[in-house]
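Accompanying notes for the structure given below.
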Amino acid sequence: ISGKQPGPAGAQKNRNAEPALWAEVADGVGAPCPAPYISVEGAQSEADAREAAIDQRVDQLMRGRDMKRAEARAEAIRIIARSAELKALRDTVLLPREDIVSMVMGPFDTDFTYDPFGPPPLTVFGTDEAAIRALIPDELQASVSFQPVPQSRAEVDADAAAMAERLGPSAKVVGEYMDGTLTLQSIDLRELSDFLFRGGTLPEDMRVYLEEVPSRAGRPYGSANDFHSRRAALRKDPSYQNMKRAVADVLSFQNGYMADGRRLDDTVRRLFDFGFTDAAEIERLESLGYGPVTAITDHDSPNRPLLLAALADTVVVADVADIEIGREAEDGFRSTVRFTVRDALKGDAEAGQTIDVRMQGGENDDGHVVRGPGEPNLLPMLENTIAGDGGPVLLMLQRGNDGGLHLMSDYGQAGYFLNQGTPDDPRFRYLSWETDATVAEIRERMRAVLPDAK
C-alpha cells in the first residue's frame, strides 16, 4: 500500500480510490487493513508487485541484450530467483560467521565482473576465502566475489577494547573492520594527555578525533541575535550603500554570482563592527590581496595570516607563560592562556608585556577537558598543543564585547606556531600547513597595506 501513515479516527477518507481498495490489505488474500489511514493513494497485491518487477526487468533485457520478450521474461524470472538465493545465502549461512566482517549486495569496485542486467552480485569481506567458498553452492559461486580483510570482527573488537582500557574510562575506541585500524574519539583530553605523558603510545595508523566543545562564547563582532535591529540601524548610516556596493563587487568576483541580500547585510555589519566604514579603503585593501571582506568570507585563502591581520585588533608574537584550565564563565569562555609578548606587530601590546587570552576550550559540564573550535590544545603531549616547549606563537586577537582578548577562531586559524629553524629565520606553521613568511616579512607586508601596523 502506498500513501500516508495511519492517522487519527475520522481521517480515513480516501480521495483517490474506492473504500474497498484500502479497507483490505493488498496481499492477494483480503485480510483486514490496519486502518485508520489519513489517505491511501493506491494499493497493489504482492503478486502484482512481483509481476511489475518482472516486467521492468524484461524491458531492461530487451533493450540491453536485444532479447525477444519470451526469452527476456524467462531470464528475468531466473534473475529474480537467483537474487533471492543470494539473499538467503547471505542471511542464513554467511551472516553468523565471525570471519566475515561485511557483505554488500550489488556492484562493487573489484575485479568481479558485474552484469547490469543480471542478478546483483554478493561481495563478501572476510579473512578466510577458502573456508567461505566451501559454504557456497556451485551454482552461486560466480555470483559471489571476495575481498580479504586483515582481521575478523572478534579480533578487531578485542584490539579496540584493550586500547580503550589502557586509555581510561572516557575513551571511545572503535575498530574499523575493513582495514583493521582503530579510531579514537577522545571526550576527555586530560585522560589522553596523561596516558601519553606516562609513556603510552598510540598505534601509528590510529585515527584520533579530539572532541570540541560547542561554541557559546561571546563573539568579537557582537551578537548575531540582534541581526535585524542592527541591520535596520546600519541602513540609515550614510556610508552603508557604498559599503554594500563594495562588498557586492568582492563577493561577485569571488563566487561568480551576486550574493543574496542577507549575506551582503551580514558582511557589511561585521565590517562595521571591525571598524571599517570607508568603501574606498575596502577596495584598496582588496586590490592588494589582503582585504577584510575576503578575510570574513574566504577561509581557504593562502594569505590567511595577513587577511586576519587586517581584521585583528592585536597581532603579536608571544610565548606561553601560563595556562589556567577552567569551566565556562559568564563571558562564554572556559580557560585563560597568559602570553609574554616577544614582538608586537599591531595593536596596543608592547614587547615584554603579559596578555591574557580567553579560550573556549576547557572543562565541560561533565568535567571532561575538551578543545575549543579552531583552537590549539591546552594540555601537554597532544598534537598541536601550546602547553610545553612549543616555541613562540603568532596570534591574531580581537577584543570582545567584554573587553577581553580572544583568538579570531571564527574566521579560521588565528594562532600560528613558529617553526624552530634557525633563530633568525623562524617560519610560521599551524596544524597541517605552513607559509614561507618570516616575522620580518610579515611585518613588512603588514606595513605596506595596513596603516595601523607597527
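The values are calculated or read from the model by the stated rules, or taken from the named source; none is laboratory data. Since this is a predicted model, take the numbers as computed values, not measurements. Neighbour counts are summed over all protein chains in view; Cβ atoms, including those assigned to glycine, are modelled from backbone coordinates with ideal geometry. Keep in mind that these areas ignore ligands, DNA and RNA; they rest on the heavy atoms of the full protein, side chains included. Shrake-Rupley method; radii C 1.70, N 1.55, O 1.52, S 1.80 Å.
Given a 1.4 Å probe and the protein chains as shown, Ser170 ends up with an accessible area of around 20 Å².
What FRET efficiency comes out for Glu324 versus Asp194 if R0 is 25 angstrom and r is the Cβ-Cβ distance? Round to the nearest 0.05. Efficiency at R0 = 25 Å is approximately 0.85. In order along the stretch 81-87, the phi-based Karplus estimate (6.51 cos²θ - 1.76 cosθ + 1.60, θ = phi - 60°) of 3J(HN,Hα) comes to 5, 5, 4, 5, 5, 5, 5 Hz; Gly and Pro are listed as x. Summarising the amide proton neighbourhood of Gln147: residues at separation of 5 or more, or on other chains, whose placed amide H is nearer than 5 Å comprise Val124, Phe125, Gly126. Peptide packing: for 352-360, 268-276, the average count of neighbouring Cβ atoms within 10 Å per residue gives the ranking 268-276, 352-360, highest mean first. If you sort the three axes of the alpha carbon gyration tensor as a ≥ b ≥ c, you get a/c of 1.5 or more for the stretch 312-406 and a/b no higher than b/c, which makes it oblate. Charge dipole of the stretch 290-396 (Cα centre as origin; +1 on each Lys and Arg Cβ, -1 on each Asp and Glu Cβ, all else neutral): 280 debye, rounded to the nearest 20. Computed on protein heavy atoms with a 1.4 Å probe, the accessible areas place Tyr240, Tyr177, Tyr290 in the order Tyr177, Tyr290, Tyr240, largest first.
Taking a ≥ b ≥ c as the square roots of the eigenvalues of the Cα gyration tensor, the stretch 274-357 is prolate, since a/c reaches 1.5 or more and a/b is larger than b/c.
Label sites at Ala131 and Glu441, each approximated as a point 7 angstrom past Cα along Cα to Cβ, lie 5.8 nm apart.
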